[in-house]
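Below is one structure, written out as structure tokens; comments come after it.
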Amino acid sequence: MEVVPTHRKAAVPDATPALPLYRSAPQLEVRLEDFELFAIDRLRVLKGISDALSRGKRPDEMENLVSGLWKANMRHQDSSRVVEKDVISHFVLRLVYCRTEDLRKWFLSMETTLFRYRFRLLSASAQRVIMGELDLPYNSVISAEFENVKDKLNQVARSSVSAGPSLHTAETLFFKVPFEEVPELVAGRKVFIHKGFAYVAMHQVVSVVVTQFRSLLSKALVLTNRKWTSSIREQEQDRLTPIVEALSSSYIGPDYSQPEQFSEMSLREIDKVAASSFPLCMRHLFEKLREDHHLKHGGRMQLGLFLKGAGLKLDDALAFWKAELSRKVGAERFDKEYAYSIRHNYGKEGKRTDYTPYSCQKIILSTPGVGDHHGCPYRYFSDENLRAALGKMGVGSQIMEDVMDKVRNRHYQLACTLTFESIHGSSCDAGINHPNQYFKDSQKILQAKVIHSCSTQGIKCTIQADQRA
Amino acid sequence: MTRLEGEGGGDDMAIDGAEPAKPQLCNVPEGFDPNYLKLYYGKLFPYAEIFKWMSYGNDGKHPGCDHTYFGRREFSFTLENDIYLRFQSFSSSSELESSIKEKCPFKIDIGPVYTVDPAKRHAYAKAGDNVFSPVERELIFDIDMTDYDDIRYCCSGADVCLDCWPLMTIAIKVIDTSLRDDFGFNHILWAFSGRRGVHCWVCDLRARRLTNEQRGAIAEYFRVYKGNENNHKKVSLGQVLHPFLVRSYNEVLETFFEERLLPGQKLLETEERFENVLQMIPDESFASDLRGRWQDHRRSSNVKEDINIVRWQQLKHLSKSGKHKAQGLRRCVEEIVFSFTYPRIDMEVSKHMNHLLKAPFCVHPKTGRVCVPIDPDHCEEFDPTAVPTLSSLLRELNMGGPVADHENGWEGTSLSKSIRFFRSSFLQPLLKSCKEEIEASYNTELQQSKNSLSW
């Protein structure tokens, strides 16, 4: 993106699309303060999307939310400059978020989500225009062929609940698309596939378009990164670089890859802490490990990285895992097969990357199989098992129903947040987004309780006083 | 005339024409022995076929051939004592052969084709970022019997028998049909994993170039089974089934369930077992009705008929009868069948390009059985307990006598059927397509460069 003005004439005077594809950086002059302000406004939108995603919002809720966020943040007092603001803010953030793999991943996923819901809000003809711009030369299925596959298409339409309101395949336009281009529709069995082609209904086209958008943006981000490291950072050392660097650090939540400076978990207290401060997903793994002296790979990763984030040192981790696993497999096999991967998690083997503990989103999306105990219990436990587990944690029957209600609506993180609040008797406004956050907040509350057990009385009084007022 | 000695074979396989020690030769003990393995790699392993396959036509003389192709493929060896040698690469068939013969790996894994020779990845790493990354990899599936432990009562863990093997047959049929009919792939190799499962290699160019996301999508398309240890109901089907599931159910699952698994696994024979099935029924009154009938069934039972089948017919009949008629119950019959039959693939293996998978024709170090290809069109006939073992093959070699002079050591042994099948049903059609693709892409490039020259 050029912040320096150039005098190239814009080739498109009239048809500026309502939804730009951000193919190339705009050739226009940007005031330095706009540069930053626009970017911050867009970041508010992306951050809002990120929060909503981690709370497991449904597509229809997301659609309203995105449109609301956009209206609230991306206006411009000069209506002719709305598109300009959209484009500029995107390119500024591209610069901000191109610089590491994690930043790129976050930005890519938020921008793609934003694009998806903005696209869905467009009219059918506007959608066709964008398909044209993306070179999606799909032919609609001709009627002779349609007759052959009609029954199958009907079957698919009826089999996927979220297929949209109109299920009359006869009236819907279908496109024949190589299955590779619609991975999400394939993954959800939302399309009929025959001989390598997916039959995509008009209302599903959003998936194709989003895939294209995502791949364009992903490639562009890598290029931007190269440009950033090779020239821009140097050239803009005094002007843009400080803004760019400040922008990225302020908005992404902590990743808990480094344990808190002063927190340290010792082996002696691990059982006590597990019972008081582990979220259900980790408690369950921990108890299973104590019980069976074994966990499958997914479970070892989920629990192991969590413990690392909670402050368990490498030596203690080795001792902890060895004490359990070797009872099942013997000390020799432990040293040979398991010790390596524990050191690996701590960045002492192989690629020597210090691995990050799993976030709720990652855990919710994992796919535990037979014999596995990892994943999010709120999602994978049966009703009965979940009730039993929550009861054991001390969740009362009133709250239990609220938790189960959240689970039924697939708000797993909200269910976990409610559990947290019920057990700790204190609110958690930020919501639970990360098992290590759960752990940290829990420890904070418990320690405060020990230290200030007297002063809480005082707080209660003030609250009551407020309520009366 | 040459004779091979089974035990204590030295580096040159103890070929000793002068004094054949007949008596002990035909008597190779069962089991796995590093010395047998040396003989296997020396005489039987089909190097030429593996090389041809992994070259995908790039070893030819056509100017469009990429001669670096085979050399950019990762092989990984597991030696005795679990020593892993990753990122091995070879520039030719003979290099591959001599390295395998020298190192005598207990297991050979095949990885992806990388941008550069994986053995020299460190040299390239210094040059800049992302130079070393996978570019091509077969789409692979790994199905392991241990993932079915909650639904098989005949054996558990590493064991398999003819009562549970139909689960693998089902997996092959369901996935093979879908890969061909739905996804349009043609070059698919199925192989016995050597102990308790099967591997699948989809080798079409289109498959080899899939991104991780696309691989994940195909794996998800196949995934129905979502349960884990903490949920009784392992399969939850929607109101209407996707055509792929309908076809799998009608053509494979239902028949195999009723004819093989129900009687073979005795799924409804004892109270403990039928409770597992009743737990999948959402309607409590329906479940307890059945429970009542099954609990005092003993007196009235017709001795000739299999009790599992009788009970299943009752369940099916009752679910359709007026008393319990409900949409949910019809679906629950299907859900039970899916739970007890539908393939369970190891998702992680299929999702990522850089996952390693054991090469066909390896010998499983625990069972001594060769990882032979399985013909998907006749997979019902495959018997895992009859697969050639290291020792059975060595016995055949020893018995073979003069026949062992063939160019291919495996001629005349029971491995020859497998290698011939690999050649004629998989390799030949594959290489024909590869040749066409190489020619086509060469011609397009030629055309393009001509066009640009004319400017």
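Structure data summary
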quantity	calculated
Close pairs from the range A:145-159: first closer than 13 Å to B:Phe244 by Cβ and open to solvent by 50 Å² or more (accessible area, probe 1.4 Å), partner in a helix (DSSP H, G or I) and not hydroxyl-bearing (Ser, Thr, Tyr), Cβ under 8 Å, at least 6 apart	A:Lys152/B:Pro243
Conditions (1) surrounded by fewer than 13 Cβ atoms within 10 Å (Cβ to Cβ); (2) at pLDDT below 90; (3) within 14 Å of chain B (Cβ to nearest Cβ): number failed by A:Pro242	(3)
Search result, residues across the range A:39-64 that are open to solvent by less than 10 Å² (accessible area, probe 1.4 Å) and either touching a Phe, Trp or Tyr at 6+ places or on another chain (Cβ under 6 Å) or at pLDDT 85 or above (or both)	A:Ala39, A:Arg42, A:Leu43, A:Val45, A:Leu46, A:Ile49, A:Met62
In the range A:193-216, the residues that are outside any helix (DSSP H, G or I), more than 9 Å from chain B (Cβ to nearest Cβ), aliphatic (A, V, I, L, M) and in contact with a helix residue (DSSP H, G or I) (Cβ under 7 Å, 6 or more places away or on another chain)	A:Ala198, A:Val200
Pair list, Cβ under 7 Å, 6 or more apart: the range B:187-215 residue within 15 Å of B:Met168 (Cβ to Cβ), other residue among the hydroxyl-bearing types (Ser, Thr, Tyr) and outside any strand (DSSP E or B)	B:Gly194/B:Thr367; B:Arg195/B:Thr367; B:Arg196/B:Thr146; B:His199/B:Ser193
Within the range B:144-156, considering residues that are part of a loop (DSSP other than H, G, I, E, B) and touching a residue at least 12 places away in the same chain (Cβ under 8 Å), the one surrounded by the most Cβ atoms within 10 Å (Cβ to Cβ)	B:Arg152
Top-ranked residue of the range A:310-349 - restricted to ones that are over 20 Å from A:Asp292 (Cα atoms) and open to solvent by less than 10 Å² (accessible area, probe 1.4 Å), ranked as nearest to the other protein chains (Cβ to nearest Cβ)	A:Ala310
Residue list for the range A:369-385, restricted to those being more than 8 Å from every other protein chain (Cβ to nearest Cβ) and aliphatic (A, V, I, L, M)	none
Enumeration of residues in the range B:58-99 that are open to solvent by 40 Å² or more (accessible area, probe 1.4 Å) and among the small types (Gly, Ala, Ser)	B:Ser91, B:Ser94, B:Ser98
Meets criteria (away from chain A (no Cβ under 14 Å) and open to solvent by 10 Å² or more (accessible area, probe 1.4 Å)) for B:Glu348	no
Residues located in the range B:173-205, provided they are out of contact with any Ser or Thr (no Cβ under 7 Å at 6 or more places or on another chain) and part of a strand (DSSP E or B)	B:Ile188, B:Leu189, B:Trp190, B:Ala191, B:Phe192, B:Gly197, B:Val198, B:Cys200, B:Trp201, B:Val202
Matching residues in the range B:71-125 - criterion: being in a helix (DSSP H, G or I) and of a type in the set (Val, Ile, Thr)	B:Ile100
All positions within the range A:394-410 that are within 27 Å of the chain's Cα centre (by Cα) and open to solvent by less than 20 Å² (accessible area, probe 1.4 Å)	A:Val403, A:Met404
Every residue from the range B:404-451 that is under 16 Å from B:Ile50 (Cβ atoms), aromatic (Phe, Trp, Tyr) and part of a helix (DSSP H, G or I)	B:Phe421, B:Phe422, B:Phe426
Residue in the range A:78-92 that is surrounded by fewer than 16 Cβ atoms within 10 Å (Cβ to Cβ) and under 15 Å from the mean Cα position of the chain (by Cα) present	no
Within the range B:215-244, considering residues that are at pLDDT below 95 and among the aliphatic types (A, V, I, L, M), the one farthest from the chain's Cα centre (by Cα)	B:Val240
Failed criterion for B:Leu237 (all others in (1) more than 12 Å from chain A (Cβ to nearest Cβ); (2) touching an Asp or Glu at 6+ places or on another chain (Cβ under 6 Å); (3) farther than 25 Å from A:Glu180 by Cβ hold)	(1)
Any hit, the range B:377-395, residues being surrounded by fewer than 18 Cβ atoms within 10 Å (Cβ to Cβ), assigned to a loop (DSSP other than H, G, I, E, B) and away from chain A (no Cβ under 14 Å)	yes
Positions within the range B:158-194 being within 11 Å of chain A (Cβ to nearest Cβ) and open to solvent by less than 30 Å² (accessible area, probe 1.4 Å), in sequence order	B:Ser178, B:Leu179, B:Asp182, B:Phe183, B:Gly184, B:Phe185
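The values are calculated or read from the model by the stated rules, or taken from the named source; none is laboratory data. Bear in mind the structure is a predicted one, so any value in this text is a computation, not a measurement. Reconstructed Cβ throughout: ideal geometry from the backbone, glycine too, with neighbour counts over all protein chains shown. In case anyone asks, the SASA skips ligands and DNA or RNA and just uses the protein heavy atoms, side chains included. Shrake-Rupley method; radii C 1.70, N 1.55, O 1.52, S 1.80 Å.
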